[in-house]
Amino acid sequence: MQYKVVLLPGDGIGPEIIGETARLLQVVVAQAGHAILFDERLIGGCSIDRYGEPLTDETLADCLSADAVLLGAVGGPKWDDPTAKVRPEQGLLRLRKEMQVFANLRPVVVHPALAHISPLKPEKLVGVDILVLRELTGGLYFGQPKGVIRNNGSLRAVDTLEYADYEIRRILHLAFQLARGRRFKVTSVDKANVLESSRLWRQIASEVSRDYPDVTLEHMLVDTASMRLIADPASFDVLVTENMFGDILTDEASVLAGSMGMLPSASLGEGRRGLYEPIHGSAPDIAGQGVANPIGAMLSAALMLRYSLNLPDQAAGVERAVNQAITEGCRTRDLGGNLSTQQLADEILYRLPGGHFLGL
Ligand code: NAD
């Protein structure tokens with residue numbers, strides 16, 4: 001089998017972490033007896049500098065013909081002018097839209113050896129292993145009408161929160177299927193006491209749950225969920241919610257792990273093709289220093305192995321190698337250590353199955 005993966009390192013620390021992650025993927029896929037072909041392209045600020053746009057049609061076409069896309073991060077002070085017509089994140093939004101990835105998956109696992117760098121008390125973090133699914137292509141961010149209306153000298157702004165039944169159904173099915181590979185529990189988060197769209201969300205969640213009698217469904221209001229994520233995060237297994245609630249809750253959940261540099265994400269659509277990226281940004285404050293933590297990108301590659309390349313054993317091998325490296329004290333600066341990006345990557349590669357033969 002030969003896989004094609006498009007690499008979009010992007011800006012800031014993107015090239016540093018994606019370079020190390022491509023090295024890891026190459027080793028892991030080869031060890032599984034397959035080949036991986038990388039196509040590296042520009043996205044974000046560096047693409048604006050080179051082509052005048054954050055994502056060219058050619059790059060997009062390449063992504064749409066690949067098995068998976070691995071992205072670093074986009075943006076930075078150089079392109080931060082909010083009034084600019086062309087902005088780095090437009091490239092990312094267009095890519096997500098064209099790839100039709102409607103579900104953003106963010107696993108949040110707190111490694112016991114890192115519990116002390118989390119803002120929560122270590123005893124609250126025991127057993128935290130949450131998979132947050134955020135609906136990515138509907139809701140308030142895309143609903144029409146949207147805009148500012150001028151009327152008799154006053155201004156009114158309108159956003160529309162709208163969901164079609166099929167948009168809710170497909171992400172709920174994914175949530176239940178993923179829960180079957182975990183602890184068999186789905187928490188569906190909404191605001192059904194106030195919003196019509198949430199009442200439809202809740203109704204469809206209940207309907208879909210009938211196809212999965214082995215999985216427990218709980219409905220939770222978004223305000224309760226935001227408190228529960230801090231008060232009792234270990235009580236969640238799979239948490240699924242609409243776009244804006246998910247935008248907020250995923251960032252809240254990510255704080256539990258202590259460093260932005262640790263957490264991966266996957267964005268999936270109907271088929272196997274997916275977009276994989278660490279949750280952090282381009283970290284301009286440390287870019288070019290070789291100290292960025294590559295773990296968020298490497299765990300994103302593990303999700304790619306599992307969901308797009310159908311190599312679940314290799315995915316688990318990467319996750320075990322990362323866990324072991326952390327347990328044995330390997331740390332970049334954000335985790336309180338002094339390893340460089342490349343040194344931490346070497347430590348992780350060494351702990352892959354057969355990794356000690358790599359001569360690192
Ligand atoms: P950020 O995630 O880039 O950085 C926040 C803090 O976390 C910084 O102190 C940074 O040094 C640290 N950090 C982040 N990733 C790290 C890693 N892998 N290793 C070690 N430390 C790490 O967020 P920000 O500073 O708010 O944004 C910087 C730029 O990134 C902005 O232009 C923003 O628009 C962009 N951004 C892009 C994405 C994306 O591409 N998906 C997401 C968020 C922010």
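The values are calculated or read from the model by the stated rules, or taken from the named source; none is laboratory data. Note that the structure is predicted; figures quoted are calculated from it, not measured. As a convention, Cβ positions derive from the backbone with ideal geometry for all residues, glycine included, and neighbour counts pool all protein chains shown. All accessible areas refer to the heavy atoms of the entire protein, side chains included, with ligands and DNA or RNA removed. Shrake-Rupley method; radii C 1.70, N 1.55, O 1.52, S 1.80 Å.
Return the residues of region 278-298 that are near the ligand (Cβ under 6 Å from one of its atoms) and assigned to a loop (DSSP other than H, G, I, E, B); say none if nothing qualifies.
HIS280, GLY281, SER282, ALA283, PRO284, ASP285, ILE286, ALA292, ASN293
Can you find, within region 120-135, the residue that is surrounded by the most Cβ atoms within 10 Å (Cβ to Cβ) among those that are modelled with pLDDT under 95 and charged (D, E, K, R)?
Across region 120-135, the extreme among qualifying residues is LYS124.
Does any residue in region 111-122 that is closer than 20 Å to ASP232 by Cβ come within less than 6 Å, Cβ to Cβ, of a residue that is part of a loop (DSSP other than H, G, I, E, B) six or more places away or on a different chain, and which pairs are these?
As it stands, the answer is LEU114/GLY258; ALA115/LEU125; SER118/LEU125; SER118/GLY258, since those pairs meet every condition given.
Filter region 226-241 for residues that are closer than 20 Å to PRO122 by Cα and either part of a helix (DSSP H, G or I) or open to solvent by less than 20 Å² (accessible area, probe 1.4 Å) (or both) and give the result. Working first, answer last.
First, pick out the residues of region 226-241 that are closer than 20 Å to PRO122 by Cα: 226-237.
The answer is SER226, MET227, ARG228, LEU229, ILE230, ALA231, PRO233, ALA234, SER235, PHE236, ASP237.
Considering only region 22-37, state which residues are under 26 Å from ARG94 (Cα atoms) and open to solvent by 60 Å² or more (accessible area, probe 1.4 Å).
The answer is LEU37, and nothing else.
Which residue out of GLY296, GLY290 is touching a helix residue (DSSP H, G or I) at 6+ places or on another chain (Cβ under 7 Å), closer than 26 Å to SER65 by Cα and at pLDDT 95 or above?
Unique residue meeting the criteria: GLY296.
Identify, by number, the condition in (1) closer than 30 Å to CYS330 by Cβ; (2) open to solvent by 40 Å² or more (accessible area, probe 1.4 Å); (3) not in a helix (DSSP H, G or I) that ASP214 doesn't meet.
Checking ASP214 against (1) closer than 30 Å to CYS330 by Cβ; (2) open to solvent by 40 Å² or more (accessible area, probe 1.4 Å); (3) not in a helix (DSSP H, G or I), the one that fails is (1).
So how many residues does region 242-277 have that are part of a loop (DSSP other than H, G, I, E, B) and over 17 Å from GLY10 (Cα atoms)?
Selection size over region 242-277: 9.
In region 44-69, how many are open to solvent by 50 Å² or more (accessible area, probe 1.4 Å), touching a helix residue (DSSP H, G or I) at 6+ places or on another chain (Cβ under 7 Å) and in a helix (DSSP H, G or I)?
Going through region 44-69 one residue at a time, the tally reaches 1.
Going by what's in this entry, would ASP346 be described as surrounded by fewer than 21 Cβ atoms within 10 Å (Cβ to Cβ), within 8 Å of the ligand (Cβ to nearest atom) and either in a helix (DSSP H, G or I) or more than 21 Å from the chain's Cα centre (by Cα) (or both)?
For ASP346, the condition - surrounded by fewer than 21 Cβ atoms within 10 Å (Cβ to Cβ), within 8 Å of the ligand (Cβ to nearest atom) and either in a helix (DSSP H, G or I) or more than 21 Å from the chain's Cα centre (by Cα) (or both) - is not met.
Return the pairs, sorted by first residue and then second, in which the second residue is among the aromatic types (Phe, Trp, Tyr), the first residue lies in region 155-174 and is under 21 Å from VAL194 (Cα atoms), the beta carbons are less than 8 Å apart, and the residues are 6+ apart or on different chains.
What qualifies is TYR163/TRP201; GLU167/PHE102; ILE168/TRP201.
Output the strands (runs of 3 or more DSSP E) that fall wholly within region 75-186 and possess 1 or more residues being closer than 30 Å to GLU328 by Cα and within 16 Å of the ligand (Cβ to nearest atom), or say none.
103-109, 129-135
Scan region 306-314 and give yes if some residue there is surrounded by fewer than 24 Cβ atoms within 10 Å (Cβ to Cβ), at pLDDT 95 or above, among the aliphatic types (A, V, I, L, M) and more than 16 Å from the ligand (Cβ to nearest atom), otherwise no.
Within region 306-314 (the criterion being surrounded by fewer than 24 Cβ atoms within 10 Å (Cβ to Cβ), at pLDDT 95 or above, among the aliphatic types (A, V, I, L, M) and more than 16 Å from the ligand (Cβ to nearest atom)), the answer is yes, since at least one residue qualifies.
If you take the residues in region 100-116 that are open to solvent by 20 Å² or more (accessible area, probe 1.4 Å) and under 21 Å from the mean Cα position of the chain (by Cα), which one is farthest from ASP11 (Cα to Cα)?
HIS111
If you scan region 136-164, which residues turn out to be in contact with a helix residue (DSSP H, G or I) (Cβ under 6 Å, 6 or more places away or on another chain) and open to solvent by 60 Å² or more (accessible area, probe 1.4 Å)? Before you say what the answer is, go through the steps one by one.
The first filter runs over region 136-164 and keeps only residues in contact with a helix residue (DSSP H, G or I) (Cβ under 6 Å, 6 or more places away or on another chain), leaving 138-141, 159, 161, 163.
Correct list: TYR141, ASP159.
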